Amino acid sequence: MSVKIVAMLKALPGLSRKDFLRYWQEEHPALVWQLPGLRAYRQNPAIEHRKSWPYDGMAELYFDSVDDVRTAFASPQAEPLHEHEKHFLGSIDWFIATETTVEPVGGADE
């Protein structure tokens with residue numbers, strides 16, 4: 001069973017959206033991809049909106065197992081990743097999840 005880390009991100013206070021996205025989308029992926037056992041990495045930046053969202057983005061990191069997550073973040077490759085996060089993240093709320101694809105049930109006439 002594969003698992004993923006779902007990480008809800010808040011930008012460092014005072015950092016512009018442009019700088020947040022530059023750090024996260026241009027610089028950070030090279031460090032994330034150094035984690036051993038990482039199978040996929042997705043970034044989901046919050047859209048700009050008149051509403052203030054509770055998070056600035058969400059990241060998904062896919063692994064084959066919880067043990068692989070533990071191994072990845074205990075590895076030496078995790079340290080530069082965490083150091084880089086200090087430049088653009090104010091906080092991270094995260095959890096490990098499985099993913100379920102939900103198919104439509106019934107049709108429009110039912």
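Throughout, read-outs are computed from the coordinates displayed, never taken from laboratory work. Worth saying up front: this structure is predicted, and the values here are computed from it rather than measured. Positions of Cβ are generated from backbone atoms using ideal geometry, with glycine treated the same way; all protein chains shown enter the neighbour counts.
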Any residue that is touching a Gly at 6+ places or on another chain (Cβ under 7 Å) and of a type in the set (Lys, Arg) - is there at least one of those in the stretch 6-23? yes
Using the structure shown, decide if Phe73 is in contact (Cβ under 8 Å) with a residue 60 or more places away in the chain and either exposed (fewer than 13 other Cβ atoms within 10 Å of the Cβ) or under 19 Å from Met8 (Cβ atoms) (or both). no
Considering the stretch 57-70 alone, what residues qualify as being in contact (Cβ under 8 Å) with a residue 24 or more places away in the chain and either among the aromatic types (Phe, Trp, Tyr) or loosely packed, with under 15 Cβ neighbours inside 10 Å (or both)? Tyr62, Phe63, Asp64, Ser65, Val66
When you check Ser91 against the structure, is it farther than 17 Å from Gly37 by Cβ and among the small types (Gly, Ala, Ser), yes or no? yes
